[in-house]
């Protein structure tokens, strides 16, 4: 009975507790869901951050900064975290030029003092040298090195490309002809010994370019330590390696180099490849697919799935993709999706295929390979226009982009993209990730064995040899039975077979002789590198450069001496099932085996399907918004896959610690802050840190000479009643005329820059209409401008921002009367006054670059150029005074006397700084003080000032060249800035200014403080010396535009060789 009562009491308590437990359980479920949601959100944000990093790093590495090296120069570059990719296969290329007989442009490997650990067991390296004027390449894998000596002399100062490709122990070196992409010479060599792995480590190994630092301890087998010349476009595995990305204190006496000429082979069109994890986006300025769309492209891939292109906005989109090897087109104009799928499913066959799509409102037509397959039909619903953004995506989309279709990034190659009749420049990307030039998929080096039935055959793979050498890498996550990797046959029988069992034991059999090697850790989803060598005397196995076994043969070799070829067969052999996993970089007697040329069964040619252990890093993360194509970020983490970090007891190991994150150098952040951030209003338009070179250097550069411009006497289309102008500009000044057509009275149509804002103005005679953007474009980037007008309606589009006007209130005419010529980039002096009436204070000269100028979609041709330069010319005449301070001494004992005159053109980058100074007790000084120009003269009766105050805060440092002239004749002082003269009658103490002191320009030596100087800052910017009033036999000599700056003594951060364009 007591038990029953206890049971009842427990039952009552349980009834009371049950709702509480259920309630708590529901709360825990909600908390768990919230926590899971937060974790998922954080993971998404981490992926977004990494994508931003990848996009920024790709953009940074594409900056083609050439480097100039002297004796003692060197770059110690950061090495990417995927350096282990070079273990079995390394592909290095760079452009160089030199006039020296000896040098070492590149060393990639290990110092002798760093070897001995499991991470770096041997002093492996790849080195490129110049010996007696000819290239020499050495590859040392820890045994007998491979040495390739070319016969072509290269010490003639001309640009060439050197390519070094190593697969296993085989090294191929290719050299191009001067200033060409055509091959001049190719040679090969095979490393001796048993080692076949290039052991490198991100933290320990070194990438030296342009010389070897004095503190480095590399092998004495390399005699050279310096390189004198230029290097550009260094690539590793086809991916650019930025020469800006040096380790801390890794840049030793390296300066910028003049950009090499563009080298193209007309027979080869530009091809890009995508790695299956990225995308590339473009911002076509003249393509409008809203009502009609015409696009074509060619692709090559082995992947059954992948996005070819995507365009759209919100609900509307057009997407072309591969799905199970079929080409699939999806279109939604807002009323429902319609899809067209090809009948053939073999378009992922590793061959080039071309897709053309034509859409006219709702009707869509898709053609494959001409008209091999044609599919067409209508999109459902009433809508006939497609909403789109400014971007076209190829190969995938950014992870932060909202799309209504499944996006699978493409692993494949793309070429010949056309929008309408216009070719897309595949190098002119807006943003990209996982993209490189060229198409490495022509050769399939790495494959996945999908089942125990897998086979791949290479008949007559190489010429017969009794000695057989095979190198390969493999990866697997499980071995459940003895499995066949491959066999090598002569014309009749097997001469070598390789298997691996569930215990990780590799077995090599040749005839009746057997050699084994245990790799217990082989099923760890990491790459393992194997070298096998069979001769009449021995069988040897080497793995991971750490394990080896060599056995002496006891039986005769079964090879057929009359055979002609050796063949290789992978996977299932007889009753022995196939190995399941990944195999890559296979060489047979030094020849790389291309799996795309083999007979295959149940093999994926789309790379390795297992996780990429060469692409793993531990990173700290920061929460951030999802990126879009407009976002640009540079963060100190890499773009690698996430690795879960757990806490374990501390252990002692020979392995190195995790490599630190790669931080970019300070000057590169300064460059980015200039390139991607708008200069604040009122600040100087040009940055203190000048750019030596910059990307996207097409177009015409205006403003290097007074009244520079292009005049067009005949336009391709009339602009009297309507018209659309499109162009791109990258301005270095915030004020100036971009283009104008006018009758020189009232009628005009023009685009002008004022305070960095774009202004579209026109007048039909009924009153001026002005449309003004609200954002400055002074940020060093290209900006797309579109202005259009139809009758009274007018539009201005600056990048993604749109502005419009309905015209003048009393507009009765829609005709604009104009007279030729049509001016781009500036106007002649007789029109400068008219331009200033349109926007008061505007300059009659644009400063910066203009490209892709079109009227109604048609390019302007046959213009007359006045004082323009190509934007690829990164410097212009003048003497440059850098931000680190310096000065020039024009004359050491200069006498001013009663008369004095100086005329210069200046382009300042700061609002404060000493322009010039001469004299101590009596003196003349000119300086910038908070944006104003102050002239001070002391002739014995006290210093007297004459000021020029700017109309706007940055008028005198607005990126334009400023004309400055000072003249003193007895007591009359005249200072003229940009044609505006200020006059001052000096006190009549005496007419002479007694000086016999140095005439300094750009600053003063440390410790020298001339009276009258307000600022202690040096001048930063450019100076062109037009004329000096110099005394000689009591007569004034005027040297008009013939001042020889080579006779000046210069000190500090001063260059006579020209002024940076930006």
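The values are calculated or read from the model by the stated rules, or taken from the named source; none is laboratory data. For clarity, every value in this text was computed on a predicted model and none was experimentally measured. FYI the Cβ positions are ideal-geometry reconstructions off the backbone, even for glycines, and counts take in every protein chain you see.
Given (1) assigned to a loop (DSSP other than H, G, I, E, B); (2) modelled with pLDDT of 90 or more; (3) surrounded by 14 or more Cβ atoms within 10 Å (Cβ to Cβ), identify the lone condition not met by residue 498.
Just one mismatch for residue 498, condition (1).
With the checklist (1) in a strand (DSSP E or B); (2) out of contact with any strand residue (DSSP E or B) (no Cβ under 8 Å at 6 or more places or on another chain) in hand, flag the one item residue 358 doesn't pass.
(2)
Look at the stretch 934-960 and say how many of its residues are in contact with a strand residue (DSSP E or B) (Cβ under 7 Å, 6 or more places away or on another chain) and either farther than 16 Å from residue 683 by Cα or exposed (fewer than 15 other Cβ atoms within 10 Å of the Cβ) (or both).
Result for the stretch 934-960: 13.
Within the stretch 546-628, which strands (runs of 3 or more DSSP E) (wholly inside it) include 2 or more residues that are at pLDDT 80 or above and closer than 19 Å to residue 444 by Cβ?
Result: 565-571, 581-588, 599-601.
Within the stretch 308-320, which residues are more than 17 Å from residue 418 (Cα to Cα) and either assigned to a strand (DSSP E or B) or outside the structural domain of residue 393 (by TED's automatic domain parsing) (or both)?
312, 313, 316, 317
Is it fair to say residue 966 is assigned by TED's automatic domain parsing to the domain that holds residue 788 and farther than 18 Å from residue 996 by Cα?
When the stated conditions are applied, residue 966 does not pass them.
Only one of 1062, 1023, 966 is surrounded by 17 or more Cβ atoms within 10 Å (Cβ to Cβ) and modelled with pLDDT under 85. Can you tell me which?
Unique residue meeting the criteria: 1062.
Residues in the stretch 896-924 that are within 16 Å of residue 941 (Cβ to Cβ) and not in a loop (DSSP other than H, G, I, E, B): how many?
3
What is the number of the single condition among (1) in contact (Cβ under 8 Å) with a residue 60 or more places away in the chain; (2) crowded, with 21+ Cβ neighbours inside 10 Å that residue 112 does not meet?
(2)
Failed condition for residue 381, given (1) on the phi < 0 side of the Ramachandran plot; (2) at pLDDT below 90, with all others met?
Unmet condition: (1).
For (1) surrounded by 19 or more Cβ atoms within 10 Å (Cβ to Cβ); (2) assigned by TED's automatic domain parsing to the domain that holds residue 299; (3) under 28 Å from the mean Cα position of the chain (by Cα), each residue gets a yes or a no:
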site	(1), (2), (3)
352	no, yes, yes
355	yes, yes, no
361	no, yes, no
372	no, yes, no
378	no, yes, no
388	yes, yes, yes
392	yes, yes, yes
397	yes, yes, yes
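Which residues, taken from the stretch 826-859, are in a loop (DSSP other than H, G, I, E, B), touching a strand residue (DSSP E or B) at 6+ places or on another chain (Cβ under 8 Å) and surrounded by fewer than 19 Cβ atoms within 10 Å (Cβ to Cβ)?
If the condition is that a residue be in a loop (DSSP other than H, G, I, E, B), touching a strand residue (DSSP E or B) at 6+ places or on another chain (Cβ under 8 Å) and surrounded by fewer than 19 Cβ atoms within 10 Å (Cβ to Cβ), then 828, 841, 856, 857 are the ones that fit.
Determine whether the stretch 276-298 contains at least one residue that is buried (at least 18 other Cβ atoms within 10 Å of the Cβ), under 23 Å from residue 178 (Cα atoms) and within 16 Å of the chain's Cα centre (by Cα).
no
For the stretch 401-443, how many residues are in a loop (DSSP other than H, G, I, E, B), surrounded by 18 or more Cβ atoms within 10 Å (Cβ to Cβ) and in contact with a helix residue (DSSP H, G or I) (Cβ under 9 Å, 6 or more places away or on another chain)?
1
Tell me which residues, restricted to the stretch 365-387, are more than 30 Å from residue 439 (Cα to Cα) and part of a loop (DSSP other than H, G, I, E, B).
Residues satisfying the conditions are 379, 380, 381, 382, 383, 384, 385, 386, 387.
Go over the candidates 250, 210, 238, 242 one by one and state the one that is surrounded by fewer than 18 Cβ atoms within 10 Å (Cβ to Cβ) and either within 25 Å of the chain's Cα centre (by Cα) or over 23 Å from residue 120 (Cα atoms) (or both).
Step by step, each of 250, 210, 238, 242 is checked, and only 238 is surrounded by fewer than 18 Cβ atoms within 10 Å (Cβ to Cβ) and either within 25 Å of the chain's Cα centre (by Cα) or over 23 Å from residue 120 (Cα atoms) (or both).
A quick yes/no check of all residues on (1) modelled with pLDDT of 80 or more; (2) not assigned by TED's automatic domain parsing to the domain that holds residue 854; (3) not in a loop (DSSP other than H, G, I, E, B):
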{"site": "672", "(1), (2), (3)": "no, yes, yes"}
{"site": "675", "(1), (2), (3)": "no, yes, yes"}
{"site": "683", "(1), (2), (3)": "yes, yes, no"}
{"site": "715", "(1), (2), (3)": "no, no, no"}
{"site": "729", "(1), (2), (3)": "yes, no, yes"}
{"site": "736", "(1), (2), (3)": "yes, no, yes"}
{"site": "746", "(1), (2), (3)": "yes, no, no"}
{"site": "750", "(1), (2), (3)": "yes, no, yes"}
{"site": "762", "(1), (2), (3)": "yes, no, yes"}
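Can you tell me which residue is modelled with the highest pLDDT among those in the stretch 802-825 that are over 24 Å from residue 775 (Cβ atoms) and touching a strand residue (DSSP E or B) at 6+ places or on another chain (Cβ under 7 Å)?
823
For the stretch 764-783, name all the residues that are at negative phi and either part of a loop (DSSP other than H, G, I, E, B) or within 31 Å of the chain's Cα centre (by Cα) (or both).
764, 766, 773, 774, 775, 776, 777, 778, 779, 781, 782, 783 - these are the residues of the stretch 764-783 that are at negative phi and either part of a loop (DSSP other than H, G, I, E, B) or within 31 Å of the chain's Cα centre (by Cα) (or both).
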